[in-house]
Amino acid sequence: MLKRMLIIAFLQAAIGYLVLPEIIANDIDAQDLYTSHCVLCHGEDGSGKTDLGSGLGARDFNEKAFQDGITDEQIVEQIAHGTEDKMMPFQDKLSSEEMHALVPVIRGFGK
Ligand code: HEC
């Protein structure tokens with residue numbers, strides 16, 4: 001009896017451990033984050049052809065050369081730290097999970 005209870009407790013803990021990060025990850029609406037924080041400069045279509053984006057020199061996320069020339073880690077780095085006088089850092093505004101969730105949004109423009 002005790003053994004069975006222990007097994008059940010163990011399984012519940014294991015399931016919680018496996019499922020919880022999924023739930024948290026799914027709670028982030030990356031598209032919504034992009035719309036509220038990035039569209040102003042990078043544009044709805046990721047082209048960077050907005051008044052601000054053009055003026056500051058944002059690159060076109062749709063271009064293969066851009067997509068090939070940047071790693072996922074570099075995208076997260078850029079979001080976290082920004083570029084002085086061009087793009088503000090987001091490390092104090094977005095969680096690490098949110099910044100990582102934005103990578104597929106940026107990648108999506110290249111497809
Ligand atoms: C104030 C305008 C502005 C906002 C807001 C902004 N960016 Fe940027 N972003 C830029 C500019 C300008 C560059 C080019 C920086 C450079 O040349 O170093 C850039 C570069 C980037 C790059 C690297 C592309 C490259 O040229 O190598 C990524 C990825 C990126 N931004 C993602 C984002 C994401 C995601 C958000 C929203 C969380 C965001 N940006 C918000 C202006 C902005």
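How many residues does the range 60-83 hold that are more than 7 Å from the ligand (Cβ to nearest atom) and outside any loop (DSSP other than H, G, I, E, B)? Looking only at that region, the number is 11. In the range 30-59, the residue that is farthest from Phe90 (Cα to Cα) out of those that are in contact with a Phe, Trp or Tyr (Cβ under 8 Å, 6 or more places away or on another chain) and either near the ligand (Cβ under 9 Å from one of its atoms) or among the small types (Gly, Ala, Ser) (or both) is Ser47.
Let's see how each residue does on (1) surrounded by 10 or more Cβ atoms within 10 Å (Cβ to Cβ); (2) at pLDDT below 95; (3) among the small types (Gly, Ala, Ser):
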{"position": "Ala14", "(1), (2), (3)": "yes, yes, yes"}
{"position": "Ile24", "(1), (2), (3)": "yes, yes, no"}
{"position": "His37", "(1), (2), (3)": "yes, no, no"}
{"position": "Leu40", "(1), (2), (3)": "yes, no, no"}
{"position": "Gly48", "(1), (2), (3)": "yes, no, yes"}
{"position": "Gly55", "(1), (2), (3)": "yes, no, yes"}
{"position": "Asp60", "(1), (2), (3)": "yes, no, no"}
{"position": "Gln67", "(1), (2), (3)": "yes, no, no"}
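Contact map, the range 84-111: residues that are in contact (Cβ under 8 Å) with a residue 40 or more places away in the chain and assigned to a loop (DSSP other than H, G, I, E, B) paired with residues that are among the hydrophobic types (A, V, I, L, M, F, W, C) and near the ligand (Cβ under 10 Å from one of its atoms), Cβ distance under 6 Å, separation 6+ or inter-chain. Pairs shown: Phe90/Ile79; Phe109/Phe61.
The values are calculated or read from the model by the stated rules, or taken from the named source; none is laboratory data. None of the values given here were measured: they were computed from a predicted structure. Please note: Cβ atoms are built from the backbone with ideal geometry, for glycine as well, and neighbour counts cover all protein chains shown.
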